[in-house]
Amino acid sequence: AVNTSHRAALTLSVYQFAGASLIMLYFSDKRLVTKLLGVLLILLSPLLSVNTDNLASALRTLTYLRLPTSPLDHLTNLQTLTHVHSHSPPAACNHIILRPTSDRESNFHFETYYMYEVYKYLHNLDKLPRDYIVHPPVQNVCSGVLLESLPDLSVIYGTSTSVGISSPTSSGLASHVTSVNALRSGRSLPPLTCAILPDIVGLPGGCNFFDYLPSGPTLPDPKTHKHVVVGGTWDRMHYGHRRLLTLAVSLVDPNGVLTIGVTSEDMIKGKERSELLRSYEEREEGVKGFVESLARGFKNNLRIVEIGEKKGTLVEDSSVECLVCSSETVSGVEEVNSERKRKGWKEVEVWVAVRGDEGGMSSTSLRNEIFREEDIKELT
């Protein structure tokens, strides 16, 4: 019998052969390429539909991406994300695991930068955020090893080499999922579906790429801290929030504390489209749920407090060592540190997440989008 992994591996082989053939033919006869594409889609249709029924009802998925060392790696990741986004139900929780490779040394700044690139791409796919959680290989953030034990996980996506294992006779991902399913069986957990997606195996010669990754001198990894603080409104937990919280989690010492401030309802009354803002309880639960999904086992390091004014814990607790903030809120840091100095306390170290998303990954933009859609529904 041909199982899902066999069919997926066959699909991958056909994709690679077809991709290489089409690239060579592209410059010789474009009409022939168009015809071949039509025939190829007909031939692949039974193979490509193998996992559709299983994926349509998936409650939780896991996708492996390789931290790129080349433009082809990056393009393969974007292709994988597009496929996952189009095949997963909108209500599913999707974990994206960024896997380091032996070709690139561990680098906190690159790993967290690429996390942001992934969130930006997902934002461009759908302006109303879904439940994606990107896991870079940094301090405190759990990897697939922990996530694979989740009882409601049903599908693992990736390319044949995205888990860093490959051989001439089998897909590394298929072998990996087989091993995971053996462990899950011993724990009485349901088996996972292996959804193998194609790598991009080549591009026409002479292609040049604009910079797609940060360049320049390598910065040292940041030190961890006993007490880190991050604050915000956290309305609807969009991708910008997820990035900021991931950075904050990664800076906490294993025995340290992360204090997350959530603005009170009185403090946010003047915000744009405030009638669409969620309650304090909903926003607090959103923060808690995301951090616990991102960093399983981090519960004892987490403290969530209500804040009624901008400075909050920063000027109330001398133990705070580090502040994580966005480029929009960094302006108040100087005043905070001045007040701490007046009290004889140590100034906080500040880490700023600079926003570079032209599409507006913000709660205000999200509320405006929701308002616009509701307005259109009323008109129709």
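Being closer than 15 Å to THR259 by Cβ and either hydroxyl-bearing (Ser, Thr, Tyr) or surrounded by fewer than 16 Cβ atoms within 10 Å (Cβ to Cβ) (or both) holds for only one residue in SER319, SER326, SER338, SER331, and it is SER319.
The single condition among (1) modelled with pLDDT of 90 or more; (2) of a type outside the set (A, V, I, L, M); (3) open to solvent by less than 40 Å² (accessible area, probe 1.4 Å) that TRP351 does not satisfy is (3). If the condition is being within 21 Å of VAL155 (Cα to Cα) and of a type in the set (Val, Ile, Thr), then the range 66-94 contributes THR76, THR80, THR82, VAL84.
Scan the range 85-125 for residues that are open to solvent by less than 70 Å² (accessible area, probe 1.4 Å) and part of a loop (DSSP other than H, G, I, E, B) and the total you get is 5. The set of residues in the range 234-276 being touching a Lys or Arg at 6+ places or on another chain (Cβ under 8 Å), open to solvent by 20 Å² or more (accessible area, probe 1.4 Å) and outside any helix (DSSP H, G or I) consists of ARG236, ASP253, ASN255, VAL257, GLU272, ARG273.
A single entry from THR178, THR169 fulfils the requirement of being surrounded by fewer than 19 Cβ atoms within 10 Å (Cβ to Cβ), modelled with pLDDT under 85 and among the β-branched types (Val, Ile, Thr): THR169. In the range 126-154, how many residues are assigned to a strand (DSSP E or B) and among the aliphatic types (A, V, I, L, M)? Of the residues in the range 126-154, 3 are assigned to a strand (DSSP E or B) and among the aliphatic types (A, V, I, L, M).
The values are calculated or read from the model by the stated rules, or taken from the named source; none is laboratory data. No experiment lies behind these values; they were computed from the predicted model shown. Positions of Cβ are generated from backbone atoms using ideal geometry, with glycine treated the same way; all protein chains shown enter the neighbour counts. Remember, those area values only see protein heavy atoms, side chains included, never the ligands or the DNA or RNA. Shrake-Rupley method; radii C 1.70, N 1.55, O 1.52, S 1.80 Å.
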